[in-house]
Amino acid sequence: MALINPHLNFNGNAEEAFNFYKSVFGGEFAKVMRFKDLSSPEFPVAENDANKIMHIALPIGKNILMANDVPESMGKTNENENRSKIAISAESREEADKLYNGLSAGGQIEGPIGDSPWGSYFGCFRDKYGIEWMIDFDPNYKGQI
């Protein structure tokens, strides 16, 4: 079965955000590349973009959360994305609480975590980097929709 791996754009703070995500999820980065790593006569990199993240990947279970910084020459990305959310299906209430409390630290709570009307344990928020998350634990979910 194919996996879905979210990819995020940042305005120069991808490394900071991913160190934060790593502190919540654990693990190690699978890849970290900076724009200067690709610099060549055919692909010149502006000095102010050289140390920015061209690609970063954090494995989370069988999935990979990926990101990059948008070079200044391409303009700013929307720091308060409002069309997309990253949904996490936790394996227990305890894991849901850990992820919710860790990722929402310094962010904006949209829905406190708790029992939902549809029978799962659910909460949603925007983290301190403007990324929206939904955390869900459904004790009836058996790995199939």
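Only one of the listed residues (113, 109) is more than 17 Å from the chain's Cα centre (by Cα) and surrounded by 10 or more Cβ atoms within 10 Å (Cβ to Cβ). That residue is 113. Contact map, segment 1-19: residues that are surrounded by fewer than 12 Cβ atoms within 10 Å (Cβ to Cβ) paired with residues that are assigned to a loop (DSSP other than H, G, I, E, B), Cβ distance under 8 Å, separation 6+ or inter-chain. Pairs shown: 3/62. Might you let me know whether segment 83-105 holds any residue that is surrounded by fewer than 16 Cβ atoms within 10 Å (Cβ to Cβ) and on the phi > 0 side of the Ramachandran plot? Checked segment 83-105: no residue is surrounded by fewer than 16 Cβ atoms within 10 Å (Cβ to Cβ) and on the phi > 0 side of the Ramachandran plot. Scanning segment 20-38 for residues that are farther than 15 Å from residue 67 by Cα and surrounded by 15 or more Cβ atoms within 10 Å (Cβ to Cβ) yields 24, 25.
Bear in mind that the values in this text are calculations on the coordinates, not laboratory data. Fair warning: this is a prediction, and the values are worked out from it, not measured in the lab. No Cβ is skipped: glycine too gets one built from the backbone with ideal geometry, and neighbour counts run over all protein chains shown.
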